[in-house]
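Q: My questions will all concern the structure given below.
The values are calculated or read from the model by the stated rules, or taken from the named source; none is laboratory data. Fair warning: this is a prediction, and the values are worked out from it, not measured in the lab. Cβ: placed from backbone, ideal geometry, glycine included. Neighbour counts: every protein chain shown. In case anyone asks, the SASA skips ligands and DNA or RNA and just uses the protein heavy atoms, side chains included. Shrake-Rupley method; radii C 1.70, N 1.55, O 1.52, S 1.80 Å.
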Amino acid sequence: MTKLDSKIPEGTIDRKWENYKSHSNLVNPSNRRKLDVIIVGTGLAGGAAAATLGEAGYNVKAFYFQDSPRRAHSIAAQGGINASKNYQNDNDSDYRLFYDTVKGGDYRAREENVYRLAELSGNIIDQCVAQGVPFAREYGGTLANRSFGGAQVSRTFYASGATGQQLLLGAYSSMNRQIKAGKVKSYNRHEMIDVVVVDGKARGIITRDLVTGKIERFGAHAVVIATGGYANVYYLSTNAMACNATAAWKTYKKGAYFANPCFCQIHPTCIPVSGELQSKLTLMSESLRNDGRIWVPKNIEDVKAIREGKLKPTQISEENRDYYLERRYPAFGNLVPRDVASRAAKERCDAGYGVNKTGFAVYLDFQDAINRLGDKTIRERYGNLFDMYENITGDNPYYTPMMIYPASHYSMGGIWVDYETMTTIPGLYAIGEANFSDHGANRLGASSLMQCLCDGYFVLPATISNYLANDIHTGPINTNTPEFEKAEIDANNLIKKLFDIKGTKSVDYFHKKLGLLMWDKVGLSRNEKGLNEAIAEIKTIRENFWKDVKVTGKADQMNNELEKAIRVADFLELAELIAIDALNRNESCGAHFREESQTEENEAKRNDNDYKYVSAWQYTGEGNQPTLHKEELTFNAIELKQRNYK
Amino acid sequence: MDFTLKIWRQENATAKGSQQEYKVKDISSDTSFLEMLDALNQQLVEKGEDVISFDNDCREGVCGTCSLYINGEAHGPKKLVTTCQLYMRSFTDGQTIYIEPFRANAFPVIKDLVVDRSALDRIQQAGGYTSFNTGSAPEANAMPIAKEDAAAAFDAAECIGCGACVATCKNASAMLYVSAKVSQFAYLPQGKVEAAERVLNMVAQMDTEGFGNCTNTGACEVECPKGISIKNIARMNREFMCASLTSE
Ligand SMILES: Cc1cc2nc3c(=O)[nH]c(=O)nc-3n(C[C@H](O)[C@H](O)[C@H](O)COP(=O)(O)OP(=O)(O)OC[C@H]3O[C@@H](n4cnc5c(N)ncnc54)[C@H](O)[C@@H]3O)c2cc1C
């Protein structure tokens, strides 16, 4: 079996990155302009990378499916971004941020990557401030912080409830500067539908122009995948409508390993499902748990009365409320990590205490905070979130508690990468949510923005030269080769095949069916029987899709149905790998809860003896069981413990 | 709820478009406007017809992808929301709803309700940035910024670039959009260094793209889903005047 080489540099953990940078190969500035880099995705990760590589002098081609880079899904991040600046003088440090992240991820992340992330986190904030990102500030003019789940310090930087928007606009502005300088060429409304591998190296991509339908080839010396996560495999999620796994999945089918696919984060605080036509779920930022208290009624009679509309939550007295997170986890209370909060909500609702008509909702209550701090402060902190909530539900959270329920949100799993963020295909990189490396089995709030920008601004630009240094004599990549030709034909055939089915059901029909199944059997809580059933059922849905899907419109024009069909076809394959991985991992860790592996108090029970590894799956052809490669995790800088938030 | 929809259909940029009538039935008032259109598209698929193209993505009101001119108003009748955050409870049962793309010379139609707004990106490329290379930034707290200034910069920076201001303006002016960016930087010390160049270049690009002039009707502010204030336009005019006077 191939041994996965994560290429960890020498030295103590706090010296590794320095060491790496001091010894890696460089490309001198005059050679950089001979080298082309394709970046797929212009969210925080891809946008930051495009800007930085452009500044460095490489020729960057950036692809994305939206009409503008500013619309990548990163824009929707609300709560904030972590950094170990220790501005609040509360004993924060690189080590503590590293420690919290590894612990929050339930010891399934690669230690060295996480340490680097913590080490670089402060620089990210410097960079963003220089770009003009209007972070919240104190009266003295210094930067403000708030706290987030899984931490006991305040290290989260934020811009009201629109942190992702402001950070993305920062990266976008830097990218724009490089577009003007001619160093970044930007391809909007272009969807990557395959990666091209020549002589074992990634040398280009195949795209579909979403306006003209044209299938095109693009060559480069290296290809970077920054295409975000796959939470939409559940159909309903907090992700944008078009977020998809296609780019990542196609690289998997060309030989890149896919790591920890079963680590899917279900976010505890989202607006509950309201109707059948529902197309997405709206997140209410985790930052709300700073001041909001989560509860359900203690007495089942009160629950009934509430559901029948005979009782209002505000009429239930303190002693009749069950602040179940504060009860179960006194040390962290409402700020336990997401996986813990989500399962606790499910536990109460499954026990019959859910507070809306469907029985799948709990309260998030701000009354105490409003009494303590006043309306004005609460409005300052969360105004836009409260407005959004009221607009969607018709309820005003200043007067009545919000109702929330967990929803699919983020994928910790992703393309396997080494310390350099290179995949198992030489010259193919994966950054941001698309890779797997930093969050283990559970991501802490405000850590994704940090990781995306860290990868894009600092890590990738420093590591890619180590590879490109060998390409300075290669010359431009020729796209008139059999490999490009075949990939282009495959893409055209895929589209033709989809149109030719002429079945009876829409793409959404299959996506919804898949989503429900995944939520049910591969969601918050998983067991062997359910997973085996899921694997069989996913296959059936997939087969039916290829027999009975109906794609209308034409191939050579804008066609939203065709776009969806291409994406859903890949979700239908990825879903199976998620279930296979979940079945293989017979332990509970982070977001992955196996019912077979729990403590007497129903807390998740990790099994370090058997599962202290990253599962990296290798594609072995259609219909074949993928091969599992294990990257053993070693923890030298941190002691392995069962997580405890009590 | 039931609705009659009159929707603009146009195959591509060069084809002639026309208004088509559709009906949707049994839509719950808690359904969002775009989910209502999803339901209509499902019907079209069932009938084997091409779906109606409309831009959308985050459906949380922040990505700026969705557009639509609904019954004569950008983003529909409700104030301070984007189309994706518009719910059918804002309409009455049986109502006829007219749905058009955002129209402006600088926004050619791509298909149906989808228009090309890349002119807005090109204006940003002309100067909507500070020139700090990655790695060259000073310590974040080295430069204190008054809380009010940071907040004012944020208010301007909240623009989502949807183009409602342009679609609403009778002159198809992009002044509100451009001024939001200029203002954001004008409030911040980091923006000062390149202030003059920025405003001159962005305004020049705006003119090149074929956006119209501002005649102070204030319609843009009314329709802006993020409530970007026209005070930003005044601020930009000031910046522009200063820059024009000092530049050769
Ligand atoms: C509602 C919400 C709130 C969040 N809040 C926070 C928060 O407060 N703090 C935090 O740290 N994290 C938060 N997150 C998580 C965080 O926002 C994301 O993990 C992160 O922004 C992902 O960035 P990215 O650059 O990896 O990908 P994205 O921003 O998703 O960008 C993906 C890019 O890839 C492109 N793309 C995708 N597929 C293709 C293809 N096939 N061809 C061409 N282009 C393609 C897209 O066009 C886009 O440009 C939140 C997430 C959500 C959903």
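Q: List the residues, sorted by chain then number, that are 5 or more residues from A:F135 or on another chain and whose placed amide H is less than 5 Å from its amide H.
A: Distant-sequence amide H within range of A:F135: zero hits.
Q: Excluding same-chain pairs closer than 8 in sequence, count the lysine pairs in the stretch A:377-520 whose Cα atoms lie under 21 Å apart.
A: For the stretch A:377-520, the number of qualifying lysine pairs is 7.
Q: Quick check: from the Cα gyration tensor, does the protein assembly as shown come out rounded (a/c under 1.5), prolate or oblate?
A: rounded
Q: Tell me, in nm to one decimal, what length is gained between A:K304 and A:E318 on full extension, where the rule is 0.36 nm per residue of separation less the Cα-Cα distance?
A: 3.3 nm
Q: To continue, here is another question. List the residues of the stretch B:148-190 whose accessible area drops by at least 50 Å² when all protein chains are present, compared with their chain alone, using a 1.4 Å probe and counting only protein heavy atoms.
A: Residues meeting the cut-off: B:F154, B:Q190.
Q: Sticking with this one: Using +1 at the C-beta of Lys and Arg and -1 at the C-beta of Asp and Glu, which of A:M388, A:A305, A:Y405 has the Cα lying farthest in the positive direction of the dipole of the stretch A:269-406?
A: A:Y405
Q: Once you have the Cα-Cα distance between A:I501 and A:K185, take 0.36 nm times their residue separation minus that, and quote the gain in nm to one decimal. Kindly include the intermediate steps, with their values, before the conclusion.
A: Values: separation 316, 0.36 × 316 = 113.76 nm, distance 3.68 nm.
Additional length available on full extension: 110.1 nm.
Q: Cα gyration tensor of chain B, axes a ≥ b ≥ c as square roots of the eigenvalues: rounded (a/c below 1.5), prolate (a/b > b/c) or oblate?
A: Working: a/c = 2.36, a/b = 1.97, b/c = 1.20.
In terms of gyration-tensor shape, prolate.
Q: Here is a further query. Determine the equivalent ellipsoid of the stretch A:35-108 by diagonalising the alpha-carbon gyration tensor, then write out the semi-axes as square roots of 5 times the eigenvalues, largest first, rounded to whole Å.
A: Ellipsoid semi-axes (Å, largest first): 31, 16, 13.
Q: Using Cα pairs under 8 angstrom and six or more residues apart, how large is the relative contact order of chain B, in percent?
A: 19 percent
Q: Related question: Distance between Cα centroids, the stretch A:119-162 to the stretch A:433-462: provide it in whole Å.
A: 17 Å
Q: What 222 nm value per residue comes from the helices of chain B, counting each DSSP H run with n ≥ 4 as -39,500 (n - 2.57) and dividing by all residues, nearest 500 deg cm²/dmol?
A: Value at 222 nm, helices only, nearest 500: -10500 deg cm²/dmol.
Q: For the stretch A:555-603, what size does the Cα cloud have along each of its three principal axes, sorted from largest down, in whole Å?
A: Here the spans come out as 59, 18, 12 Å, largest first.
Q: Report the Stokes-Einstein translational diffusion coefficient (µm² s⁻¹, integer) for the stretch B:3-110, Rh taken as the Kirkwood radius over Cα pairs, at 20 °C with viscosity 1.002 mPa s.
A: 149 µm²/s
Q: A further question follows. For chain B, find the longest principal axis of its Cα atoms and tell me its angle to the long axis of helix B:33-46, 0 to 90°, nearest 10.
A: It is inclined by approximately 50 degrees.
Q: Within 10 Å of each Cβ in A:269-282, how many Cβ atoms from other chains are there, averaged over the peptide?
A: That average works out to 4.
Q: Moving on to the next point. Based on the Cβ-Cβ distance of A:E10 and A:N607, what FRET efficiency does E = 1/(1 + (r/R0)^6) give at R0 = 41 Å, to the nearest 0.05? Spell out each step's value before the answer.
A: Numbers: r = 31 Å, r/R0 = 0.75.
Computed FRET efficiency for A:E10 and A:N607 comes out at 0.85.
Q: Trypsin sites (Lys or Arg not before Pro) within the stretch B:4-44: which are DSSP loop residues with at most 10 other Cβ atoms inside 10 Å?
A: B:K16, B:K25
Q: Follow-up question, since we're still on this one. Calculate the dipole size of the stretch B:1-120 relative to its Cα centre from +1 charges on Lys and Arg beta carbons and -1 charges on Asp and Glu beta carbons; express the result in debye to the nearest 20.
A: Using Cβ point charges on Lys, Arg, Asp and Glu, the stretch B:1-120 gives about 380 debye.
Q: Given a Förster radius of 60 Å and the C-beta distance between A:N644 and A:L26 as r, what FRET efficiency does 1/(1 + (r/R0)^6) yield to the nearest 0.05? Provide the component values of the computation, followed by the final result.
A: Details: r = 45 Å, r/R0 = 0.75.
After rounding to 0.05, the efficiency reads 0.85.
Q: Here's a follow-up. Can you tell me the accessible area per residue over the stretch B:3-110, all protein chains present, probe 1.4 angstrom, in square angstrom?
A: Values: 4120 Å² over 108 residues.
Value for the stretch B:3-110: 38 Å² per residue.
Q: Amide H neighbours of A:I39 under 5 Å, counting only residues 5+ apart in sequence or on other chains, H built in-plane at 1.01 Å?
A: A:K61, A:A62, A:F63, A:V224
Q: Using 25 Å as the Cα-Cα cut-off, could you pick out the over-long pairs in A:K539/B:K47; B:K79/B:K231; A:K61/B:K170?
A: From A:K539/B:K47; B:K79/B:K231; A:K61/B:K170, over 25 Å: A:K539/B:K47; A:K61/B:K170.
Q: Could I ask something else about it? Grab the DSSP H runs of chain A that are 4 residues or longer, score each as -39,500 (n - 2.57), total them, divide by all residues and round the 222 nm result to the nearest 500 deg cm²/dmol.
A: My calculation for chain A gives -11500 deg cm²/dmol from helical runs alone.
Q: How high is the relative contact order of the stretch A:269-406, given as a whole-number percent (alpha carbon pairs under 8 Å, six or more residues apart)?
A: Relative contact order, the stretch A:269-406: 31 percent.
Q: Same structure, new question: Any chance you could run the full-extension gain for B:N12 through B:A234? It's 0.36 nm times the residue separation minus the Cα-Cα distance, nm to one decimal.
A: 76.1 nm
Q: Would the stretch A:269-406 count as rounded, prolate or oblate if I go by the C-alpha gyration tensor, calling it rounded below 1.5 in a/c and otherwise prolate when a/b exceeds b/c, oblate otherwise?
A: Because its axes are fairly even, with a/c under 1.5, the stretch A:269-406 counts as rounded.
Q: Roughly how many whole Å is it from the C-alpha centroid of the stretch A:50-112 to that of the stretch A:597-616?
A: 27 Å
Q: Could I ask something else about it? State log₁₀ I(q)/I(0) for the stretch A:259-343 at q = 0.15, 0.19, 0.23, 0.25 Å⁻¹ as given by the Debye formula over alpha-carbon point scatterers of equal weight, solvent excluded.
A: -0.74, -1.06, -1.22, -1.24
Q: Could you give the semi-axes, largest first, of the ellipsoid that matches the stretch B:118-246, computed as the square roots of 5 times the alpha carbon gyration tensor eigenvalues and rounded to whole Å? Numbers along the way, then the final one.
A: On the way: eigenvalues 122, 53, 36 Å².
Sorted largest first and rounded, they come to 25, 16, 13 Å.
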